[in-house]
Amino acid sequence: MTTTHEEQLRTWAKGSYPLVAATELLLRAFGGRFAREGNPWVIKDPAHGNIWIDFEQIPENVGGLSGGERRFLLLTASLAGVGVVVELGEVLPGLDREVLNLVLAAVAHAGGSHEHSDIVEHADGTLTLGSRGYLPPLYPWPER
């Protein structure tokens, strides 16, 4: 069975909400060009063909990009949880509306809002699943 580049990256990131969110940002924003092979942070194992994102490589490889692209990539690396620190007050105002829409969905996903439940605490301290069951994400990924 042949899998696409996108499918391989999503499979690699699965299991970590922040990693999934950061990977999905790379796949969706800027036409997906920052998730393509040829970027220094997109790693392909020549022996097995496995593909992954080395988010730690992003900060040292954003020279020559526009300010908005740099801000987006640094925010994405930070979201992946690899120790990249960004000042949200400096990064967010420089993002265009389409990218900001994706960032909002990514933050909601990284926080696990797509897995939240309507939990009801009763007077006796017991917990049950409420009538709403599993809740929708706080901010869903936009349609492609």
Open item on the list: What number does region 51-132 give for Rg over Rh if you use C-alpha atoms and the Kirkwood radius?
Closed with: 1.19
Task: Cβ crowding within 10 Å averaged over residues, with 97-106, 132-141 ranked highest first - done: 97-106, 132-141
Task: Student exercise, region 1-128 dipole from Lys, Arg, Asp, Glu Cβ charges, in Debye to nearest 20 - done: 440
Open item on the list: Accessible area per residue for region 18-144 in Å², computed with a 1.4 Å probe and the full protein assembly in place, what is it?
Closed with: 57
TODO: Quick one: what are the phi-derived ³J(HN,Hα) couplings along region 79-96, Karplus 6.51/-1.76/1.60 with θ = phi - 60°, whole Hz, x for glycine and proline?
DONE: 4, 5, x, 9, x, 7, 9, 10, 8, 4, x, 9, 7, 4, x, x, 8, 6
Task: region 28-88: GluC sites (Glu not before Pro) in DSSP coil with no more than 13 other Cβ atoms inside 10 Å - done: Glu87
- [ ] Set the Förster radius R0 to 30 Å, insert the Cβ-Cβ distance between Ser131 and Ser16 as r into 1/(1 + (r/R0)^6), and round the FRET efficiency to 0.05.
- [x] 0.45
Task: Spatial separation of Cα centroids for region 9-38 and region 68-135, in angstrom - done: 15
Open item on the list: Amide H of Trp141 versus every other amide H placed in the peptide plane: which residues, excluding those fewer than 5 positions away on the same chain, fall under 5 Å?
Closed with: none
TODO: Quantify, in whole percent, the carbon and sulfur part of the accessible surface of region 8-144 (1.4 Å probe; protein heavy atoms only).
DONE: 53
TODO: Take every Cα pair under 8 Å in the chain that's 6+ residues apart, average their separations, divide by the length, and report that relative contact order as a whole percent.
DONE: 21
- [ ] Evaluate the Debye formula for region 94-144 with equal point scatterers sitting on the alpha carbons, no solvent, and hand back log10 of I(q)/I(0) at q = 0.16, 0.29 Å⁻¹, in q order, two decimals.
- [x] -0.57, -1.02
TODO: Report which label in (i) 2, 9, 20, 24, 24, 14, 6, 2, 0; (ii) 2, 8, 15, 17, 16, 15, 11, 8, 5, 3, 1, 0; (iii) 2, 9, 17, 21, 17, 12, 8, 6, 4, 3, 1, 0, 0 holds the value of P(r) over Cα pairs in 5 Å bins from 0, in percent derived from the coordinates of this structure.
DONE: (iii)
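The values are calculated or read from the model by the stated rules, or taken from the named source; none is laboratory data. Quick caveat: nothing in here was measured; it's all calculated off a predicted structure. Neighbour counts are summed over all protein chains in view; Cβ atoms, including those assigned to glycine, are modelled from backbone coordinates with ideal geometry. Quick note on the areas: whole protein, heavy atoms, side chains included, nothing else; ligands and nucleic acids left out. Shrake-Rupley method; radii C 1.70, N 1.55, O 1.52, S 1.80 Å.
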